[in-house]
Amino acid sequence: MTHIERIEALLAGKKLDSTAINLWKHFPPYDEKPTTDLVKKCIQFQDRFDWDFVKITYHGYNSIQDWGAQITWPVRDCEWPNTTSKVGTLNQLLIKKASDWKKLTVLDPSKGTLGENVECTRILADHYKGQVPVVVTVFNPLTTAMKMGGDNVLIHARSHEEEFKAGLEVITETTIRYVKALAEAGAAGIFLATQLGTYDKMSLEEYKKWGEPTDRAVLEACKGMWFNIMHMHGEAPMFELLSKYPVQAINWHDRLAEDFDLATGRKLCPDKILIGGVEEYTTLFNGTDEEVKAQLTDAINQVPDGRLILGPGCCVPLNVPEDRLELAKKILATI
């Protein structure tokens, strides 16, 4: 079976002969140049590990770069195909006072960084056409707003609603245009990441007001894609809300979220593929072979219907050698 056929089988509720897997990560410094270096690294990474889908992970500030974000890129302390030890950092916040939200204008996804991302997606989708689905990480509008303003997002949402709403509408429209362009480029879906849909960041009422409507507007624009994933970042996810979104799969920190392991996730969300089961910070980093095998086995046992893709709760940390990913795949083959 091709990887597309394997994912299609999972979507149809079928069990696979071997459990699906993807241990994705960031790719600094290659993510500085999406259409050349990042394409090359994504192909090398996929060709080495043969994951069940290609996940394009652009750098953490890609969604705000075209609004003027200045980034300090990491020191290139690596040789191909290894990644650097750190990621790029934002020099200063774009949003400092409430009136700054009204200065934002809707971006054209065919230009700038977003345009390069779309072209990178097109190249990879063409390269793996008919064989492997390509999924693109996209930050939801609230997360993009947070990357612009940091804690000012919460302050302005609570004290300057008019200004914040104006800015969030611009971000949402830009994100909608961007995901439509990704669909046209051949992406099978998006990996919609929210970093504020967690109780240690916002209340449920606040998220329903600012997050859910904008998330759903973006997902409405994804209807033409067939493998969309909702990523719930954080250890206290708003699982009951976010897991009901119109996506085909969900991913969260199941090994860290106290109330939501994979088994609970399956009970609460019986209609979607679950992605998780791998604790990327310790077990994957330096666990013994027996510990890795026990964790993979446990994850598989928690989802007896087999509609599972083994994966991390979020990106595999940069300090985890890629040889460890190969080890996990080899151990999985023995289960």
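The values are calculated or read from the model by the stated rules, or taken from the named source; none is laboratory data. Computed from a predicted model, the values in this text were never measured in an experiment. When we count neighbours, we look across all protein chains shown, and the Cβ atoms used for this are built from the backbone with ideal geometry, even at glycine.
Data overview
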| read-out | value |
| --- | --- |
| Residues located in the stretch 193-236, provided they are over 24 Å from ASP254 (Cβ atoms) and basic (Lys, Arg) | LYS209, LYS223 |
| Odd one out for ALA183 among (1) touching a Gly at 6+ places or on another chain (Cβ under 8 Å); (2) closer than 20 Å to LYS208 by Cα | (2) |
| Options LEU168, LEU242, LEU204, LEU182: the member that is buried (at least 22 other Cβ atoms within 10 Å of the Cβ) and either farther than 21 Å from GLY311 by Cβ or free of Cβ contacts under 8 Å to residues at least 12 places away in the same chain (or both) | LEU168 |
| Some residue of the stretch 267-280 being over 23 Å from LYS86 (Cβ atoms), within 19 Å of the chain's Cα centre (by Cα), crowded, with 22+ Cβ neighbours inside 10 Å and small (Gly, Ala, Ser) | yes |
| Residue ID - nearest to the chain's Cα centre (by Cα), chosen from residues in the stretch 117-146 that are closer than 20 Å to LYS209 by Cβ and of a type outside the set (S, T, N, Q) | PHE139 |
| Flag for HIS156 being surrounded by 19 or more Cβ atoms within 10 Å (Cβ to Cβ) and modelled with pLDDT of 95 or more | yes |
| Residue check, ALA257 more than 30 Å from GLN295 (Cβ to Cβ) and over 17 Å from the mean Cα position of the chain (by Cα) | no |
| Search result, residues across the stretch 26-64 that are of a type in the set (Lys, Arg) and more than 16 Å from TRP80 (Cβ to Cβ) | LYS55 |
| Set ASP108, ASP77: member being closer than 24 Å to ALA217 by Cα, part of a loop (DSSP other than H, G, I, E, B), out of contact with any helix residue (DSSP H, G or I) (no Cβ under 6 Å at 6 or more places or on another chain) and not hydroxyl-bearing (Ser, Thr, Tyr) | ASP108 |
| Residues located in the stretch 11-38, provided they are out of contact with any Asp or Glu (no Cβ under 9 Å at 6 or more places or on another chain) and part of a helix (DSSP H, G or I) | LEU11, GLU32, THR36 |
| In the stretch 45-69, the residues that are in contact with a strand residue (DSSP E or B) (Cβ under 9 Å, 6 or more places away or on another chain), farther than 21 Å from THR35 by Cβ and in a loop (DSSP other than H, G, I, E, B) | TRP51, ASP52 |
| Residue tally, condition surrounded by fewer than 17 Cβ atoms within 10 Å (Cβ to Cβ) and in contact (Cβ under 8 Å) with a residue 12 or more places away in the chain, over the stretch 305-321 | 4 |
| Options LEU93, LEU114; residue that is more than 15 Å from the chain's Cα centre (by Cα), within 29 Å of LEU256 (Cβ to Cβ) and not charged (D, E, K, R) | LEU93 |
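To keep it simple, each residue is scored yes or no on (1) surrounded by 18 or more Cβ atoms within 10 Å (Cβ to Cβ); (2) of a type in the set (Asp, Glu); (3) in contact with a helix residue (DSSP H, G or I) (Cβ under 6 Å, 6 or more places away or on another chain).
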residue	(1), (2), (3)
THR72	no, no, no
THR84	yes, no, no
LYS102	no, no, yes
VAL135	yes, no, no
GLU161	no, yes, no
PHE164	yes, no, yes
